[in-house]
1. Scan the stretch 212-232 and give yes if some residue there is part of a strand (DSSP E or B) and at pLDDT below 85, otherwise no.
2. Test Arg143 against the stated conditions and say whether it is of a type in the set (Lys, Arg) and loosely packed, with under 15 Cβ neighbours inside 10 Å.
3. Look at Ala121 and say whether it is among the small types (Gly, Ala, Ser), at pLDDT 90 or above and not in a strand (DSSP E or B).
4. When you look at Ile63, is it assigned by TED's automatic domain parsing to the domain that holds Ile27, aliphatic (A, V, I, L, M), surrounded by 14 or more Cβ atoms within 10 Å (Cβ to Cβ) and in contact (Cβ under 8 Å) with a residue 12 or more places away in the chain, yes or no?
5. Exactly one condition in (1) within 27 Å of the chain's Cα centre (by Cα); (2) among the hydrophobic types (A, V, I, L, M, F, W, C); (3) at pLDDT 90 or above; (4) not assigned by TED's automatic domain parsing to the domain that holds Gly141 is false for Ala36; which is it?
6. Please go through the stretch 133-159 and give me each residue that is closer than 28 Å to Ser169 by Cβ, at pLDDT below 90 and of a type in the set (D, E, K, R), ordered by number.
Amino acid sequence: MKRTLALMVFALAALAQQPPPPEAPRIQKVVQVKYADVDALARALAIFGGTIRPEKSMRLISIEGWRETVLAMEDAIKRLDVPSQIRNVELTFHILAAGPDAVGARPLPADFDGVAKNLTALFGYKSFSLIDVAALRARDGHRAEANGMAPRSKDQAGYPASSYSIKCSASISPSEKGNSIRLDQLHFNIRVAYPVSGPQVNPPLPVQYQFQDMGFSTQIDVREGQKVVVGKANMNSSDSALILVVTAKAVD
């Protein structure tokens, strides 16, 4: 769309810059600008020649020149001064813990049954727990980032809290089958604490913890309405893992 408008402006400018006939009248016009950046629009009109005076505070552009030139500039302003077509992307990330033992499992939301079955078939996991949900909104073609602290489970009482970050760039690709959301430079990182020694009575020493950074980087396409497993990271060289699932949709 932007390319088409740019070519149209060049074509109008080429016509407007033809030598005027003898004694061609010069005219002036003041045009109201509703949506576009006044200064940027004035710079774009410079290709026509003539005299252009932007009044940013009043959202006006004053144009002067040969009649054909002024009319062409006025037409270009009308074509370029339109509401922004930039859309937004809503992303929802579910962080799951998965393990080989069903003991201690916490039920997932009902609409995650299909995801759990697929993960069980692929990796043999028997337990799943929802660690946290991160939601973020990004403009089409722009980067976004979410940071959070993962809640502790009952068996992790006293553990230092785990922190995580999710970063990505989101863009919308419309098609006849619906929108597809492309996530580029998607990076997930979580810092998890685990004990390396128990409490000591004599001399008194508290539980000692170490931190492990886990995560992955990738790029994926997500169709609206689908739950997509982005990736998994094994926890502390064990059979348990953290799994990231994403849903996406385009919104105005």
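The values are calculated or read from the model by the stated rules, or taken from the named source; none is laboratory data. In this text, all values refer to a predicted model and were calculated from it rather than measured experimentally. When we count neighbours, we look across all protein chains shown, and the Cβ atoms used for this are built from the backbone with ideal geometry, even at glycine.
1. Going residue by residue through the stretch 212-232, those that are part of a strand (DSSP E or B) are 212-223, 228-232.
The next check asks that each one be at pLDDT below 85; those that pass are 212.
Yes, the stretch 212-232 has at least one match.
2. Details: of a type in the set (Lys, Arg): yes; loosely packed, with under 15 Cβ neighbours inside 10 Å: yes.
Spelling it out, Arg143 is indeed of a type in the set (Lys, Arg) and loosely packed, with under 15 Cβ neighbours inside 10 Å.
3. Details: among the small types (Gly, Ala, Ser): yes; at pLDDT 90 or above: yes; not in a strand (DSSP E or B): yes.
Judged against the criteria, Ala121 is a match.
4. Numbers: assigned by TED's automatic domain parsing to the domain that holds Ile27: yes; aliphatic (A, V, I, L, M): yes; surrounded by 14 or more Cβ atoms within 10 Å (Cβ to Cβ): yes; in contact (Cβ under 8 Å) with a residue 12 or more places away in the chain: yes.
When the stated conditions are applied, Ile63 passes them.
5. (3)
6. Arg139, Asp140
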